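A short worksheet on the structure shown next.
The values are calculated or read from the model by the stated rules, or taken from the named source; none is laboratory data. Computed from a predicted model, the values in this text were never measured in an experiment. Every residue, glycine among them, receives a Cβ derived from its backbone with ideal geometry; neighbour counts consider all protein chains shown.
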């Protein structure tokens, strides 16, 4: 099938290209001072002896972020559309980190496959298949005309989604990797030849090695409504933060809406909604860790009780704390 060809193509090409992609023509990627833009790229990418004009044609910009930009184009070798993530020279360290993670995962067990990587003017480029719909877009499109939420998934489809996503997260963790940003926006919903939904976890730009997690605990991770309590509090997060995020995603898939309040309500309301959702107070160890790792962002979350001990602030009396009854 085309999907099989797409997933299997360039297996040898990837290995050959990656070894050369670690270095620019005559200097390390880290030292390059070029910034890749679609204006610089023009209409062709990846000039090689087989494709002297460039293997990737008709590039069109899709989005830009702190890492660089994403473009769509046509792969002239296989005559199929692809998406290319072009990292800016300023993001070269992050690019190499993400590249190593994509290599370790290798697109197995429901993770996104990187087709190949190459160097463009000192900037690392990663090539992917054109993505299918995200779970976010499916959930939004299922809402009724009055905006009320409803799930687009049958109970049997939800069970299958949960099993496949749990397997994908287990595989990611088995490689010593924490995704840190599992949400409906980072889950693609493809379909197999039998037209069954096949979820794919994507966007490993914020993923970290578990051995690095402790040193990064002060960094804000994840999307607000899917962020674990320990991530909100800047406590010691690791693999379990992905489990919480996956649970929040599956609850939203079941309900058609997030069971937690939006980020605009603030972290205090969010944390108390999490406790309500869990059916018990947040573990005291989280408070201890949060106080040990106190930052400017988490300091306002705590107050002193009558005994002078720091405790998590209560939400304002008029605030509606979400959660499931």
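Among the candidates 198, 159, 170, 219, single out the residue that is assigned to a loop (DSSP other than H, G, I, E, B) and either crowded, with 17+ Cβ neighbours inside 10 Å or on the phi < 0 side of the Ramachandran plot (or both). Steps first, please.
On the way: 198 fails: assigned to a loop (DSSP other than H, G, I, E, B); 159 fails: assigned to a loop (DSSP other than H, G, I, E, B); 170 fails: assigned to a loop (DSSP other than H, G, I, E, B).
Just one listed residue meets the conditions, 219.
Take the residues in the stretch 74-99 that are without any contact (Cβ under 8 Å) to a residue 24 or more places away in the chain and not in a loop (DSSP other than H, G, I, E, B), then tell me which one is farthest from residue 198 (Cα to Cα).
Taking the stretch 74-99 and keeping what is without any contact (Cβ under 8 Å) to a residue 24 or more places away in the chain, we get 74, 79, 97.
From what is left, the residues that are not in a loop (DSSP other than H, G, I, E, B) are 74, 97.
Details: 74: 25, 97: 27 Å.
Checked the stretch 74-99; the qualifying residue farthest from residue 198 (Cα to Cα) is 97.
Taking the stretch 258-307, which residues are over 14 Å from residue 232 (Cα atoms) and crowded, with 19+ Cβ neighbours inside 10 Å?
258
Go through the stretch 47-61 and give me each residue that's surrounded by 14 or more Cβ atoms within 10 Å (Cβ to Cβ) and under 13 Å from residue 86 (Cβ atoms).
Within the stretch 47-61, 56, 59, 61 meet the criteria.
Report the residue count in the stretch 56-73 for those that are free of Cβ contacts under 8 Å to residues at least 24 places away in the same chain and on the phi > 0 side of the Ramachandran plot.
Residues meeting the conditions: 1.
Hey, can you tell me all the residues within the stretch 119-150 that are over 21 Å from residue 207 (Cα atoms), over 17 Å from the mean Cα position of the chain (by Cα) and in a strand (DSSP E or B)?
119, 120
With the structure loaded, tell me whether residue 102 is in a helix (DSSP H, G or I) and not assigned by TED's automatic domain parsing to the domain that holds residue 177 or whether it fails that test. Reasoning before the result, please.
Working: in a helix (DSSP H, G or I): yes; not assigned by TED's automatic domain parsing to the domain that holds residue 177: yes.
So residue 102 passes the test.
What's the total number of residues in the stretch 255-280 that are under 22 Å from residue 162 (Cα atoms) and in contact with a helix residue (DSSP H, G or I) (Cβ under 6 Å, 6 or more places away or on another chain)?
From the stretch 255-280, those under 22 Å from residue 162 (Cα atoms) are 255-260, 274, 277-279; that's our starting set.
From what is left, the residues that are in contact with a helix residue (DSSP H, G or I) (Cβ under 6 Å, 6 or more places away or on another chain) are 258-260, 274.
So the answer is 4.
Check whether at least one residue in the stretch 135-142 is over 27 Å from residue 269 (Cα atoms), buried (at least 20 other Cβ atoms within 10 Å of the Cβ) and at pLDDT below 90, and report yes or no. Spell out the reasoning first.
In the first step, residues of the stretch 135-142 are kept if they are over 27 Å from residue 269 (Cα atoms); the result is 138, 141-142.
This time we only want the ones that are buried (at least 20 other Cβ atoms within 10 Å of the Cβ), so: none.
Checked the stretch 135-142: no residue is over 27 Å from residue 269 (Cα atoms), buried (at least 20 other Cβ atoms within 10 Å of the Cβ) and at pLDDT below 90.
Return yes when residue 325 is at pLDDT 85 or above, in a loop (DSSP other than H, G, I, E, B) and either in contact with a helix residue (DSSP H, G or I) (Cβ under 7 Å, 6 or more places away or on another chain) or surrounded by fewer than 11 Cβ atoms within 10 Å (Cβ to Cβ) (or both) and no when it is not.
Working: at pLDDT 85 or above: no; in a loop (DSSP other than H, G, I, E, B): yes; either in contact with a helix residue (DSSP H, G or I) (Cβ under 7 Å, 6 or more places away or on another chain) or surrounded by fewer than 11 Cβ atoms within 10 Å (Cβ to Cβ) (or both): yes.
No: the conditions fail for residue 325.
What residue, of 231, 264, is within 24 Å of residue 65 (Cβ to Cβ), over 16 Å from the mean Cα position of the chain (by Cα) and in a helix (DSSP H, G or I)?
Numbers: 231 fails: over 16 Å from the mean Cα position of the chain (by Cα).
Every option except 264 fails the conditions.
Does the stretch 231-244 contain any residue that is touching a helix residue (DSSP H, G or I) at 6+ places or on another chain (Cβ under 9 Å), under 18 Å from residue 111 (Cβ atoms) and surrounded by fewer than 21 Cβ atoms within 10 Å (Cβ to Cβ)?
The initial filter retains those residues of the stretch 231-244 that are touching a helix residue (DSSP H, G or I) at 6+ places or on another chain (Cβ under 9 Å), namely 231-244.
Remaining after also requiring under 18 Å from residue 111 (Cβ atoms): 239, 241-243.
If we keep only those that are surrounded by fewer than 21 Cβ atoms within 10 Å (Cβ to Cβ) too, we end up with 239, 243.
Yes, some residue in the stretch 231-244 is touching a helix residue (DSSP H, G or I) at 6+ places or on another chain (Cβ under 9 Å), under 18 Å from residue 111 (Cβ atoms) and surrounded by fewer than 21 Cβ atoms within 10 Å (Cβ to Cβ).
Is at least one residue of the stretch 287-294 out of contact with any strand residue (DSSP E or B) (no Cβ under 6 Å at 6 or more places or on another chain), part of a loop (DSSP other than H, G, I, E, B) and farther than 29 Å from residue 141 by Cα?
Checked against the condition, which is being out of contact with any strand residue (DSSP E or B) (no Cβ under 6 Å at 6 or more places or on another chain), part of a loop (DSSP other than H, G, I, E, B) and farther than 29 Å from residue 141 by Cα, the stretch 287-294 yields at least one hit.
If you go through the stretch 185-215 one residue at a time, how many are in contact with a strand residue (DSSP E or B) (Cβ under 7 Å, 6 or more places away or on another chain), at pLDDT 90 or above and more than 19 Å from residue 167 (Cβ to Cβ)?
Matching residues across the stretch 185-215 total 3.
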